[in-house]
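Worksheet: one structure, shown below.
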Amino acid sequence: MRAIYEYIEATSQLSWKLYVRQATHFRFAWHFHREYELTLITRGTGTRFVGDCVEEYGPGDLTLIGPQMPHTYQSVPGHGRHEAIVGQFRRDFLGRDFFDRPEFADVAALLERSARGLSFPPYAVDLGELDAMPPPERTLALIDALVRLSRCAETRPLAGDRHVPSLDGATRDRIDAIVRLLNEEYAGPVTLEAVARAAHLAPASASRFFRRTTGATITGYLTMLRVNAACRLLRETDRTVSGIAADCGFSNLSNFNRRFRELRGMSPREYRALWRT
């Protein structure tokens with residue numbers, strides 16, 4: 001399934017869009033749009049996909065994702081309701097040159113950096129009260145949030161610096177097909193031949209294509225998916241490390257331990273102990 005273009009329409013009271021997304025489960029829906037998207041997770045846990053970046057999310061997760069960057073959130077089912085506060089706006093929603101004014105130079109730089117997607121410390125800004133504000137105050141609060149985020153020293157880019165957010169239709173379709181396959185099949189053996197079939201390419205071409213387009217290797221992307229799934233099981237269950245490794249697609253324990261340490265900076269047992277102290 002390819003990334004879907006999402007058309008976002010401003011409301012009759014606002015020149016941008018603010019809403020609270022609530023569901024029993026955030027389903028994988030790979031999509032992109034022309035707007036910047038500021039998202040604060042307030043309830044639930046799961047996996048966040050932004051370009052070639054795959055990470056866990058939980059309450060307080062705050063991101064700013066630039067236009068045309070494919071992204072989605074997939075929640076962990078069976079953990080109660082999931083909730084996110086989402087603001088979506090175009091760069092010119094207050095006028096073509098609004099953010100080009102000198103007093104907003106830092107915000108303009110923030111918006112430029114968001115082309116890769118940006119992550120901020122938990123609740124670096126709290127969007128919870130915006131929905132209850134009258135439209136003028138709501139818009140002023142959005143600008144205030146962007147100003148404060150532009151001064152945040154702990155901002156972290158998400159997608160790799162080689163990721164190309166603007167993709168032509170054929171390229172996007174192929175990347176979407178590969179990402180969808182890896183997301184659905186990571187727990188089992190995933191062959192390069194299967195990836196190539198999904199993208200309608202020869203195996204060698206599929207590997208080069210994915211690396212050239214996203215900046216990540218297929219193996220590296222698959223490893224991120226598997227380690228994220230293992231982290232969740234380490235936190236939430238008492239199952240053995242070897243059993244978790246097998247269920248998350250790792251064929252042997254030593255490889256799992258090595259890959260886990262590369263991505264998390266500690267062993268699986270240390271990770272579990274950290275969460276249980």
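The values are calculated or read from the model by the stated rules, or taken from the named source; none is laboratory data. This one's a predicted model, so the numbers in the text were calculated from it and none came from an experiment. No Cβ is skipped: glycine too gets one built from the backbone with ideal geometry, and neighbour counts run over all protein chains shown.
Just give me the residues in the range 52-67 being over 17 Å from Phe120 (Cβ atoms) and at pLDDT below 90, in sequence order.
Within the range 52-67, Asp52, Val54 qualify.
Check off (1) assigned to a loop (DSSP other than H, G, I, E, B); (2) closer than 30 Å to Glu56 by Cα; (3) free of Cβ contacts under 8 Å to residues at least 12 places away in the same chain; (4) not basic (Lys, Arg) for Tyr123 and give me the number that stays unchecked.
Single failed check for Tyr123: (3).
Look through the range 99-131, keep the residues that are at pLDDT 95 or above and of a type in the set (Gly, Ala, Ser), and return whichever of them is farthest from Asp161 (Cα to Cα).
Only one residue tops the list, namely Ala105.
Quick one: in the range 187-206, which of the residues that are among the β-branched types (Val, Ile, Thr) and not in a helix (DSSP H, G or I) is nearest to Ala245 (Cα to Cα)?
Val190
If you go through the range 251-277 one residue at a time, how many are buried (at least 17 other Cβ atoms within 10 Å of the Cβ) and either outside any helix (DSSP H, G or I) or in contact with a Leu (Cβ under 7 Å, 6 or more places away or on another chain) (or both)?
3
Would you point out which residue out of Arg81, Arg151 is touching an Asp or Glu at 6+ places or on another chain (Cβ under 9 Å), among the basic types (Lys, Arg) and over 24 Å from Phe32 (Cβ atoms)?
Sole residue among the options that is touching an Asp or Glu at 6+ places or on another chain (Cβ under 9 Å), among the basic types (Lys, Arg) and over 24 Å from Phe32 (Cβ atoms): Arg151.
Which numbered condition in (1) in contact with a helix residue (DSSP H, G or I) (Cβ under 8 Å, 6 or more places away or on another chain); (2) assigned to a strand (DSSP E or B); (3) under 24 Å from Leu181 (Cα atoms) is the only one that Tyr73 fails?
Of the numbered conditions (1) in contact with a helix residue (DSSP H, G or I) (Cβ under 8 Å, 6 or more places away or on another chain); (2) assigned to a strand (DSSP E or B); (3) under 24 Å from Leu181 (Cα atoms), the odd one out for Tyr73 is (1).
I'd like the full set of residues that are of a type in the set (A, V, I, L, M), touching a residue at least 60 places away in the same chain (Cβ under 8 Å) and within 18 Å of Val76 (Cα to Cα), limited to the range 200-228.
Of everything in the range 200-228, those that are of a type in the set (A, V, I, L, M), touching a residue at least 60 places away in the same chain (Cβ under 8 Å) and within 18 Å of Val76 (Cα to Cα) turn out to be Met224, Leu225.
Does the range 214-233 hold any residues that are under 25 Å from Pro203 (Cα atoms) and in contact with a strand residue (DSSP E or B) (Cβ under 6 Å, 6 or more places away or on another chain), and which are they? I'd like the intermediate steps shown before the answer.
To start, the set of residues in the range 214-233 that are under 25 Å from Pro203 (Cα atoms) comprises 214-227.
Met224, Leu225, listed by residue number.
To keep it simple, each residue is scored yes or no on (1) under 18 Å from the mean Cα position of the chain (by Cα); (2) buried (at least 16 other Cβ atoms within 10 Å of the Cβ); (3) farther than 30 Å from Ala273 by Cα.
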| site | (1), (2), (3) |
| --- | --- |
| Leu158 | yes, yes, no |
| Gly188 | no, no, no |
| Leu192 | no, no, yes |
| Ser207 | no, yes, yes |
| Gly220 | yes, yes, no |
| Thr223 | yes, yes, no |
| Leu233 | no, yes, no |
| Ala245 | no, yes, no |
| Gly249 | no, yes, no |
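May I ask you to list the residues in the range 6-44 that are under 19 Å from Tyr186 (Cα atoms) and at pLDDT 85 or above?
Phe26 - this is the single residue of the range 6-44 that is under 19 Å from Tyr186 (Cα atoms) and at pLDDT 85 or above.
State which residue is farthest from Phe49 (Cα to Cα) when the search covers only the range 218-250 and only residues that are of a type in the set (Ser, Thr, Tyr) and not in a helix (DSSP H, G or I).
Thr240
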